[in-house]
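Notes for the one structure printed next.
Laboratory data are not the source of any read-out in this text; all were calculated from the coordinates shown. Quantities reported herein were computed from a predicted structural model and do not represent experimental measurements. Using ideal geometry, Cβ is built from the backbone for each residue, glycine included, and neighbour counts are taken over all protein chains shown.
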Amino acid sequence: MNRVLSADWVLPVEGAPIEGGAVVVEDGRIAAIGQAGELGPGTHYADAVIVPGFVNAHSHLEYAVYAGFGDGLGDFAEWITLHIQRKARIGWEEYVDIARFGAAQCLASGVTTVGDCSYSGATVVACADLGLRATVYLEVFGADPALALEHFAEIKQRVDGFFSDRVRPGVSPHAPYSVSLDLYRACAELGLPVATHLSESPAEIAYLMRGEGPWGAYSDLLVPHPGTTGTRLLAEHDLLGDGVLAAHCVMLEQDEIDLLASTGTGVAHCPRSNAALGCGVAPLSELRAAGVRVGIGTDSPASAPSFDFFDELRSVLLSARARAQRPSVLSAAETLELGTMGGARALGLDGEIGSLVLGKRADLAVLSLAGSPYAPVEDPAAAVVFGGSPERVLATFVDGEPRYEKGGMEWQELTAAAHNARRAMLAVPPAAKPAVAAQRA
């Protein structure tokens with residue numbers, strides 16, 4: 001099926017902005033791109049811009065209703081215990097309901113691809129149902145490879161029927177403090193894309209280096225500290241590479257940045273999560289200067305406020321400028337590139353997505369600029385990055401098919417199901433209720 005989409009501006013990312021541009025879609029791919037007047041009639045979006053679909057390189061869609069859980073807790077054991085307790089209060093159907101809500105929120109924010117770390121595997125079902133492109137990294141934890149991979153196989157078997165060319169499986173050994181080196185090796189041997197949390201916080205580094213700091217008292221919950229950072233540990237054992245995505249990477253020294261660059265490891269930069277958890281500001285300009293494949297991730301409402309990708313783009317730009325104390329360190333156009341092609345490179349999908357060029361998948365978003373402070377438009381990338389919001393997204397296309405159209409999604413049903421799951425997680429267990437309340441229940 002052919003489809004011609006035009007707007008006031010088209011931003012290919014790989015190429016100059018096209019004023020009065022259009023994109024021709026054929027069989028799910030971009031068949032042409034250029035001036036609207038030269039490409040024939042179709043659907044025109046007035047006062048709007050067409051951009052490549054955003055690539056959310058690090059998410060946890062199953063935590064879409066976890067906002068505020070443990071916010072401000074400085075104690076790692078308390079934080080993780082709270083999450084474990086609340087997860088235990090819901091089942092598979094609730095996990096799917098939450099993940100579907102998260103996937104819908106991403107689509108409504110112009111996101112067409114996610115790199116998602118999934119605890120239960122429900123993200124696979126959600127992305128398959130809603131048409132969101134995804135690499136779903138099924139999470140594993142612990143020291144024993146046999147036990148962890150048995151758990152991985154059980155989760156994967158449950159969702160195997162939902163994988164496709166659009167939704168592909170991966171594995172996520174959680175982090176160097178929660179996963180043994182043997183388990184990292186076993187995950188690498190699976191031959192799947194790998195994602196891990198790496199060098200996220202000062203507390204992580206203090207524990208890994210010396211077994212000290214805020215986490216030192218909870219070593220029984222963690223794997224033994226290796227005496228080095230996670231980046232150096234994984235590099236030493238050839239466990240970094242172009243099939244690996246490292247989320248956060250806040251606490252890095254120059255030699256570690258060079259290791260990420262030389263191995264081709266992807267990095268998911270998550271500034272709002274890093275700020276909310278008090279982890280610091282990642283060295284984005286240094287990573288880019290070294291040639292590291294950097295993309296952008298929202299993380300999840302368990303640590304960041306939302307899946308709002310525009311808020312994340314602005315946080316990327318503003319935190320980079322604040323860290324460098326120089327506005328020229330990162331432009332709006334460069335930020336947009338990080339949120340599209342950057343994420344595609346980090347996930348190893350840049351041959352298929354991330355820009356609007358001939359032959360790539362027709363993953364794109366249409367953003368209204370009507371009433372924007374940036375209209376009439378001088379710099380369309382600035383209008384998108386500074387002035388964009390989910391409320392301005394008119395449509396999101398994956399493989400040329402509309403997966404979100406403003407006003408067209410069954411938000412009431414999605415929201416009700418997700419909120420019911422959150423309500424169940426917040427419920428006080430009967431044993432914890434006062435006697436009178438328990439009798440009334």
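Take every DSSP beta bridge whose two residues both sit in the chain; close to 40 percent of them are antiparallel. Using R0 = 60 Å, the C-beta based FRET efficiency linking residue 144 and residue 38 works out to 0.45. Each residue of the stretch 284-293 was assigned a 3J(HN,Hα) from its phi angle through the Karplus expression (A = 6.51, B = -1.76, C = 1.60, θ = phi - 60°), giving 4, 5, 5, 4, 5, 4, 7, x, 5, 7 Hz with x at Gly and Pro.
Taking label positions 7 Å along the Cα-Cβ direction at both residue 164 and residue 253, the computed distance is 4.8 nm, reported to one decimal. Highest-first packing order for the peptide set 302-310, 31-39 is 302-310, 31-39, based on the mean count of other beta carbon atoms within 10 Å. The trypsin sites (Lys or Arg not before Pro) of the stretch 56-150 that DSSP puts in a loop, and whose beta carbon has at most 16 other beta carbons within 10 Å, are 89. Protection proxy ranking, highest mean first, for peptides 184-195, 11-22: 184-195, 11-22, where packing is the per-residue count of other beta-carbon atoms within 10 Å, averaged.
The relative contact order of the chain, computed from alpha carbon pairs under 8 Å that lie at least 6 residues apart in sequence, is 21 percent. Computed from backbone phi, the HN-Hα couplings of the stretch 355-368 come to 8, 9, 9, 3, x, 6, 4, 7, 9, 7, 10, 10, 10, 6 Hz, rounded to whole numbers (Karplus: 6.51 cos²θ - 1.76 cosθ + 1.60, θ = phi - 60°; Gly and Pro given as x). Ranking 59, 305, 162 by Cα position along the charge dipole of the chain, where only Lys, Arg, Asp and Glu carry charges on their C-beta atoms, puts 305 farthest toward the positive end.
Run lengths n ≥ 4 of DSSP H only: what is the helix-derived mean residue ellipticity at 222 nm for the chain, with -39500 (n - 2.57) per run over all residues, to the nearest 500? Mind dumping the intermediate values first?
Numbers: 17 runs with 160 residues, N = 441.
So the calculated ellipticity at 222 nm is -10500 deg cm²/dmol.
The string of couplings for the stretch 79-94 from the Karplus curve (6.51, -1.76, 1.60, θ = phi - 60°) is 4, 5, 5, 4, 5, 4, 4, 6, 4, 5, 8, 10, x, 4, 4, 5 Hz, one whole number per residue in order, with x for Gly and Pro.
Pick out, from 123, 88, 13, the residue whose Cα sits farthest towards the positive end of the charge dipole of the chain, with +1 on the Cβ of Lys and Arg and -1 on the Cβ of Asp and Glu. Final value for the positive-end residue is 88. Excluding same-chain neighbours fewer than eight residues apart, the aspartates and glutamates reachable from residue 156 by a Cα-Cα span under 20 Å are 62, 93, 94, 97, 116, 129, 139, 144, 165, 189. Computed over the stretch 245-325, the P(r) curve from all C-alpha pair distances, binned at 10 Å from the origin, holds 20, 54, 25, 2 percent per bin. The Cα-based radius of gyration and maximum Cα-Cα distance (Dmax) for the stretch 151-228 are 15.3, 45 Å. Here the stretch 307-347 is scanned for amide nitrogen atoms under 16 Å from the site 7 Å beyond the Cα of residue 389 along Cα-to-Cβ, giving 307-315.
The charge dipole of the chain, taken about its Cα centre with unit charges on the Cβ of Lys, Arg, Asp and Glu (plus for the first two, minus for the last two), comes to roughly 820 debye. Cα centroid separation, the stretch 357-381 to the stretch 212-274: 35 Å.
Each Cα pair under 8 Å and six or more residues apart adds its separation to the average, and for the stretch 68-178 the resulting relative contact order is 23 percent. Computed about the Cα centre, the dipole magnitude for the stretch 1-134 is approximately 260 debye when only Lys and Arg (+1) and Asp and Glu (-1) carry charge, each at its Cβ. Extension gain, residue 238 to residue 325, is 27.7 nm, computed as 0.36 nm per intervening residue step minus the present C-alpha separation.
With viscosity set to 1.306 mPa s at 10 °C, what whole-number translational diffusion coefficient in µm²/s follows for the chain from Stokes-Einstein and a Kirkwood radius over Cα pairs? Rounded to a whole number, D works out at 71 µm²/s.
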